[in-house]
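Take a look at the structure set out below.
The values are calculated or read from the model by the stated rules, or taken from the named source; none is laboratory data. These numbers were taken from a predicted model, which means no experiment stands behind them. Glycine gets a Cβ as well: all are built from the backbone with ideal geometry, and neighbour counts include every protein chain shown. The area values use the complete protein model at the heavy-atom level, side chains included, leaving out ligands, DNA and RNA. Shrake-Rupley method; radii C 1.70, N 1.55, O 1.52, S 1.80 Å.
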Amino acid sequence: MMNDPQKFLDEVKAFDAREIPDWVLDALAPILALEYFNKKTMESKSTAAAFLCDWVINVVKFNSIYKKVAPLMAKVEEATNTKEEAEAKLAIVLAALKVVQDRVAALNEKLDTAKADLAKAEKDAADSQEKLALAERLVNGLADEYKRWTITVKGLKQQGLTLIGDCSLASAFVGYISPFSSSFRMDLRNTWAADVQNRGIPCTEGADPLTILASEAEIATWKNEGLPADRVSVENAAVVTSCARWPLMIDPQLQGVKWIKQRVGDDLQVVQFTHDRWLNKVTFAITMGKILLLEAVGQELEAILEPVLARATVRRGRNQLIIKIGGEEFDYDTNFQLYIQSKLANPHYRPEIAATCTIVNFIVTPSGLEEQILAMVVNTEKPELEQQKQTLVRQQNEYMVTLSKLEDDLLEQLSTADPATILDNIALIDGLEVTKKTSNEINEQVKLGVETEKAINTSRELYRPVAAEGSMLFFLIIQLCIIEHMYQYSLDSFTSFMAKAMDKAPAAEELEERAANLIATIRMTIFRWVVRGLFERHKLTFNALLTFTLLKLGKLKEEYPGDAPISFLFKGPMRTDVENTLGDWLPNTAWFAVQKLIELDGFDSFAQNMEKDAPTRFKEWFNEVAPEEQKLPLDWKRLENEPLKKMLVLRCLRPDRITIAMADWIRGALPNGRDYMDCDGSSSFMAVLTNSYEDTSPATPIFFILSPGSDPVQEVEKMGQTKMDPPLKLHLNYHNVAMGQGQDVVAMAKLEMGHKDGHWVMLQNIHLMPSWCVTLEKKMDNFNVEGSHPAFRIYLSADPSKGIPIGILERAVKLTNEPPTGLNANLRRGFAFFNKEDFEERDAKVKAILFGLCHFHAIMLERKKFGPMGYNMMYPFSVGDLRDSASVLYNYLENNQSAKIPWADLRYIFGEVMYGGHIVDDWDRVMCKCYLEYFFVDEILDETQLVPYAEDKLSLMSPPPGPHEKYLEFIEAMPGETPLFFGMHPNAEINYRTVQCNNLFDMLIQLQPRDTSGGEEAGESQSPMARAEQLCSDILDDVRDIKFPTDDISKSLSDEEKGPFQFVFLQEADYMNGLVGEMIRSLSELQLGFRGELTMSEQMEKLVDSLFLEKIPEWWMKLGFPTVRSLASWLANLKERCEQLDNWCNDPVTIPKVTDISRLFNPQSFLTAIKQITCQVQSLELNKLQVVTEITKRDVKQIETLAREGAYVCGLYLEGARWDMAANSLEDSKPKEMFCKMPVVQCKAGMASEKEDKNIYQCPTYCTPTRRPYYVFPAQLRTKYPPPKWTLAGVALILDIGFAL
């Protein structure tokens, strides 16, 4: 085996393991059973043996298994053979079957083709039917739109032609129209439309910029957002949403800002310049792309915001924008939006701001406010009706928005649909049907809503007069700030008081009666609220303004006479080119006014009746003390039934009685007129304050507008004893802070304490800290947001001051507490100041002197009503001066053992310290001294005359010393007040009442609307701008050629010829050149503004107002001469002054024989020239000379040569007295004679002397009747009476009295 290993291996490989003999197996069995007979064990001995061992074992195992499987495999083979035989037979059968199946398949294919053709035919028929139905639905759905779309397409084609003109109008509308009022906007639109048409630019006929800028749906959306529904507000919204510049809203009533806040919602960031870290909030909004509202800005915006306003951005990189603010760079998000709002009613912004912002006038309009008030009234009276109205309006607006959205969606789907497959767009057709159905439903609802709205409006219209009354009243009271800054009123406060009035109005079954009750109650409530905060001098103005407004609206029984008579009454025009034939008793001013009166309808014959028919009877009426109560002569007595026309006569002849006649007319013409004229007249200030307290809240303070002598602190503290629980106690629940340096911190601490704990806080004299008032306003706003303790109240007091923020004034209940007027009332009040028991204990001398002191105090207080004749300046005399003077009196007399009273000491202390401490003007001090020297003498201890220098016209002896009651009885029995009590002529009352008349009508003119002039003559229908333009042209034509060659004249004069007089006239000519030059410059500039070639500045607007009101413009006054004239009279006077200068220019070496010093800019320089010449001639010192006057008995025409010494002057008028030519001395004025023309006066220089001449009155001379500060010099006038008589009478010489005498 080992000899041939290969053979052995081949035999092993060929070994058939299936056929092993049994004996071999039996022989192997014991071997296989051996323990070591296995591969593993054998492997340790021999590897080859191990593998052979393993082979034997496996072969035996295979054989044993094979013997078991072999029978089974035989059976399988047999079955396989049987199967193959069967399959052969089956193949024959299947071949036959395939032939049959192929034939069946061919038949089925033919069947399927037939069925497919049938299905296709049926599907095509169904599709055609469906498309037919869809086409029918589409056609039916678009049928209603076809007609409208046809019109729309036609319109769009037309718009394509007129697009340039329409866009031009809309652009101009957005860019320029928004700052103006409704009427001016209409004028601009008409002007632009006409200009576009004239230039041949295609434009839609009657194009409305509003419809170009906004659709009805957009307008409806704005209204739903809270925008007022009036035309102007809608125009403003269109501008705000269309403008490219930032909108700056002039919005004192907060209408626009409320709309913006509701429109933007929570995404809006609101910032005020008074907020802390406001700039950080602005920069955050810019960076994050927020919407920002700058609220309550002033007339100047913060300079640091100029880059924001101008959008001065810089691109950095591809998409990043940078803006530089305050030297720091910030990312600029293009989503950033800015709105700016101002509460100022008439701000004047710089052109730079106007260029970067679109100024939008959101000031509430009368019609818009009327609708808002109507809604408020109906909501109060018929809440269900107003709710139904509001719901209906909202629904109508929503319907409009829905219809617009449906139409937009439909057009969008149609525009994107494929025309070839449009019938396959089921969503489009379904949407069209839904749109049509919804549209039909909405249209039905709209029709139903229109009918319902008509029914609702019919019911609402019954309250329309109430709303019209409210609107009228609001626009009436917001004008009052023109005459006094403190008179500020907000719309919120107004509506609050209206609501209170409606609650108080008497109920009525009939709606018309209820409406009438509402009107009467609202009118009275608003009037009382306003009038309590007015000074006495303005109350008649407000009454007259209300009455004239109601008269013009046809709400009074008296018929409106037309604009011309009312304009005449207000302006008091004159015609000065007519000779006064009644000059012996009628002043020129009265006759000149009559010449204008006869130009009015119905007064044609009035001048003739006065002059020829009944001059005596008219003279008698003219000289009546109260002519308004007397009938006019002849047929003019019919004017008793037409009091307004009778006032026109009074305006001409007796203007001093106009205020009384006006008050009487108001009492009769205005429904319940007495209640208005005498409002709160019988109520004490305490009662008024207590009543006003009911209108306050923690957010609504009481603001006391102070006047000299008023102090509301005591009344507030007294009221607190009943209104506060526990009663008011200082430093416990009441804090009183007098504002001044360092008190702002204290005030803020007290406010915080009061806000939290419910205390009362009184801040006095806040006008002393105007800048801090802004902080106070901010603090009050914060309190309002946080919510204060219900008992918290703020009381503020201040003198009238423009430094008080409007926001504080608008929210406050304003009260005035002026001291009583009238000599008797002031005497009664002064005497009542002293305790009765203390008075009774005093010595008889003290009682007498104390009563004299009270009388002196009353005279010093009440003399101010006479204006410049009373005082050159107004002084704040108060009861404190009386108290301190009485204290000095007690100390002097109680410590003085001598029986002699130290009158000189008392007079000095009273006149130089107590009362004199207030007095600044020297002549007022002289007057005070005269009173003291008259009253405080030994005679007052018994009985003395209380009416100084009356010469038996009136006598009143002081009461003898007695008990307290006797003095009170004396005061009550005193005769009625007269100027004689003050040592003045009765004419002084005429003077101050005439001033009252002029002031009244000046204020009424200022408060008149500027829509039309309401003027006279040809200018009756002219607008203020047109009237100003005409005057501008006329004045410019008159002054254009005025020019004095001062340089040429100066060069033509030798040094010897140039004297003091020449220098005076050269100076005067220079002054005139400067004035005329400014007139020409400003008027020429204004003409450029009228032509649109120059932007109207604030100064130009003021010039327009002055020209319209016929007042002298501010800059002309600064460069001009002191005067009280109206513009027309001033221009005439200007020509007279130029004429005098022309005469001198013709012969500059020689001064005029008589110089009219009233026509000089600086009359003092002429008088100084007289002294200079005397100094040169007599070698005297200038400071030791004074001007000495000598009154001649000649007029200007009688002077033939120059004065030998000094110079002759004229142009002086005596006020408060007259000059007796025969006696060459001062005399009392004639009745109704306000001024007396002086003859030629010789002025020369003389040595100043302190020695007083008892026959000479040192008469102060002033440039105008307003006197101070236009003092000139003291003139010496001879007198038969004691000079103090004329001092107390307020006698003075006036250079320019303002009219021709």
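Quick test for you: out of Glu87, Glu78, pick the one residue that is part of a helix (DSSP H, G or I), open to solvent by less than 100 Å² (accessible area, probe 1.4 Å) and either at positive phi or at pLDDT below 85 (or both).
Among Glu87, Glu78, only Glu87 is part of a helix (DSSP H, G or I), open to solvent by less than 100 Å² (accessible area, probe 1.4 Å) and either at positive phi or at pLDDT below 85 (or both).
Looking for whichever is open to solvent by less than 20 Å² (accessible area, probe 1.4 Å) and either modelled with pLDDT of 90 or more or under 21 Å from Gln996 (Cβ atoms) (or both) here; the options are Pro643, Pro633. Which one fits?
Pro633
In segment 553-566, which residues are open to solvent by less than 30 Å² (accessible area, probe 1.4 Å) and part of a loop (DSSP other than H, G, I, E, B)?
If the condition is that a residue be open to solvent by less than 30 Å² (accessible area, probe 1.4 Å) and part of a loop (DSSP other than H, G, I, E, B), then Leu556, Gly562 are the ones that fit.
Taking segment 188-228 on its own, how many of its residues are open to solvent by 70 Å² or more (accessible area, probe 1.4 Å) and not polar (S, T, N, Q)?
Number of matching residues: 6.
Scanning for something touching a residue at least 12 places away in the same chain (Cβ under 8 Å), aliphatic (A, V, I, L, M) and open to solvent by 70 Å² or more (accessible area, probe 1.4 Å), does segment 973-981 turn up at least one residue?
No; the residues of segment 973-981 include none that is touching a residue at least 12 places away in the same chain (Cβ under 8 Å), aliphatic (A, V, I, L, M) and open to solvent by 70 Å² or more (accessible area, probe 1.4 Å).
Check whether at least one residue in segment 592-606 is of a type outside the set (Asp, Glu), part of a helix (DSSP H, G or I), over 40 Å from the mean Cα position of the chain (by Cα) and at pLDDT 90 or above, and report yes or no.
Yes; the residues of segment 592-606 include at least one that is of a type outside the set (Asp, Glu), part of a helix (DSSP H, G or I), over 40 Å from the mean Cα position of the chain (by Cα) and at pLDDT 90 or above.
Consider Glu717 against the criteria (1) more than 24 Å from Asn782 (Cα to Cα); (2) open to solvent by 30 Å² or more (accessible area, probe 1.4 Å); (3) at pLDDT below 90: it satisfies all of them except one. Which criterion is unmet?
So Glu717 meets the others, but not (3).
Restricting to segment 1102-1139, name every residue that is closer than 16 Å to Asp1038 by Cβ, open to solvent by less than 10 Å² (accessible area, probe 1.4 Å) and outside any helix (DSSP H, G or I).
Residue satisfying the conditions is Pro1113 alone.
Quick one: which of Ala194, Ala220, Ala238 is modelled with pLDDT of 90 or more and either hydroxyl-bearing (Ser, Thr, Tyr) or part of a helix (DSSP H, G or I) (or both)?
Exactly one residue qualifies, and that residue is Ala238.
Determine if segment 237-245 includes at least one residue that is over 23 Å from Gln372 (Cβ atoms) and open to solvent by less than 60 Å² (accessible area, probe 1.4 Å).
For segment 237-245, residues over 23 Å from Gln372 (Cβ atoms) and open to solvent by less than 60 Å² (accessible area, probe 1.4 Å): present.
Suppose the filter is out of contact with any His (no Cβ under 8 Å at 6 or more places or on another chain), open to solvent by 10 Å² or more (accessible area, probe 1.4 Å) and assigned to a loop (DSSP other than H, G, I, E, B); does Asp711 pass it?
Yes.
Hey, among Leu534, Leu550, Leu545, Leu569, which residue is open to solvent by less than 10 Å² (accessible area, probe 1.4 Å) and either part of a loop (DSSP other than H, G, I, E, B) or at pLDDT below 90 (or both)?
Leu534
So, Asp117, is that one of a type in the set (Asp, Glu), more than 24 Å from Ile426 (Cβ to Cβ) and surrounded by 10 or more Cβ atoms within 10 Å (Cβ to Cβ) or not?
Against the criterion (of a type in the set (Asp, Glu), more than 24 Å from Ile426 (Cβ to Cβ) and surrounded by 10 or more Cβ atoms within 10 Å (Cβ to Cβ)), Asp117 qualifies.
Looking at Leu1000, Leu954, which one is more than 15 Å from Gly852 (Cα to Cα), at pLDDT 90 or above and not basic (Lys, Arg)?
Leu1000
Listed here are the residues, each with its yes/no results for (1) outside any helix (DSSP H, G or I); (2) among the aliphatic types (A, V, I, L, M); (3) open to solvent by 60 Å² or more (accessible area, probe 1.4 Å); (4) touching a helix residue (DSSP H, G or I) at 6+ places or on another chain (Cβ under 8 Å).
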site: Lys750; (1), (2), (3), (4): no, no, no, no
site: Val761; (1), (2), (3), (4): yes, yes, no, yes
site: His789; (1), (2), (3), (4): yes, no, yes, yes
site: Ile804; (1), (2), (3), (4): yes, yes, no, yes
site: Leu809; (1), (2), (3), (4): no, yes, no, no
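What is the one condition in (1) surrounded by fewer than 16 Cβ atoms within 10 Å (Cβ to Cβ); (2) charged (D, E, K, R); (3) in contact (Cβ under 8 Å) with a residue 40 or more places away in the chain; (4) in a helix (DSSP H, G or I) that Asp333 does not satisfy?
(4)
Output the residue which, of all residues in segment 28-47 that are over 16 Å from Lys61 (Cβ atoms), in a helix (DSSP H, G or I) and not charged (D, E, K, R), is least open to solvent (accessible area, probe 1.4 Å).
Met42
Within segment 899-925, take every residue that is over 45 Å from the mean Cα position of the chain (by Cα) and crowded, with 16+ Cβ neighbours inside 10 Å and give me the one that is nearest to Tyr1262 (Cα to Cα).
The residue in question is Gly911.
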